[in-house]
1. Go ahead and run the numbers for FRET between Ala15 and Thr88, Cβ-Cβ distance against an R0 of 41 Å, rounding to 0.05.
2. Quote the charge dipole size of the stretch 1-142 about the Cα centre in Debye, to the nearest 20; the model charges only the Cβ of Lys and Arg (+1) and of Asp and Glu (-1).
3. What is the distance in Å between the Cα centroid of the stretch 3-38 and that of the stretch 58-131?
4. Under the rule of at least 5 residues apart or a separate chain, name every residue whose amide H is placed under 5 Å from the amide H of Gly21.
5. Using only Cα positions of the stretch 35-126, each an equal point scatterer, no hydration layer, compute I(q)/I(0) via Debye at q = 0.24, 0.25, 0.26 Å⁻¹ and quote the log10 values to two decimals.
6. Residue farthest toward the positive end of the dipole of the stretch 1-96, with Cβ of Lys/Arg at +1 and Asp/Glu at -1: which of Ser38, Ser72, His16?
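Every number in this text was worked out from the coordinates using simple rules, so none of it is lab data. This one's a predicted model, so the numbers in the text were calculated from it and none came from an experiment. Cβ: placed from backbone, ideal geometry, glycine included. Neighbour counts: every protein chain shown.
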Amino acid sequence: ALATQEHRSMVGSRAHAIFRGQVLITKPAIGCDADQQSRALLLSDTGTVDQMPTLVVEPDDVEGAAHGSTVSDLQGEELFYMMCRGLTEETAKIMLTKGFIRHIIQEFPFENMKARLMDQITEVAHSASVQWRYTDIEGDEFFDNFMGRDEEMASVF
């Protein structure tokens, strides 16, 4: 048996999102598999997120049990990449924001609700702020840093 809990939130200005989820695997659930994930997208510098995913496993014999939590913002590098391919900043922000939440909304059973939510997300994305991160790297440090990031990303997958 597989139990999956996925939580996504988009947090704008003055908003505060709180996630406290728990997956409980009891002794009768021997051999089950559970996954709990919480992801948040900050759309402003003033929004805040508190996440506390909890996984409680009673039996010793489970296939897998995982939980995780991430908080990120719209990245300037992602925006730049999309803009270099001809998209406007506005269109890129909307695409990134919709991409963050799309697969959750696709699970909704009512088509008119999906369309209304995607329209609301478009409105929210217009006011999203972007975080630019700049690292000044000279000489061989660039290659070392790049390879380190590549290895770090490979370990995630």
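1. The formula returns an efficiency of 0.95 here.
2. Here the stretch 1-142 has a charge dipole of around 720 debye.
3. The two parts, judged by their Cα centres, are 17 Å apart.
4. Long-range HN contacts for Gly21: Met52, Thr54.
5. -1.23, -1.26, -1.29
6. His16
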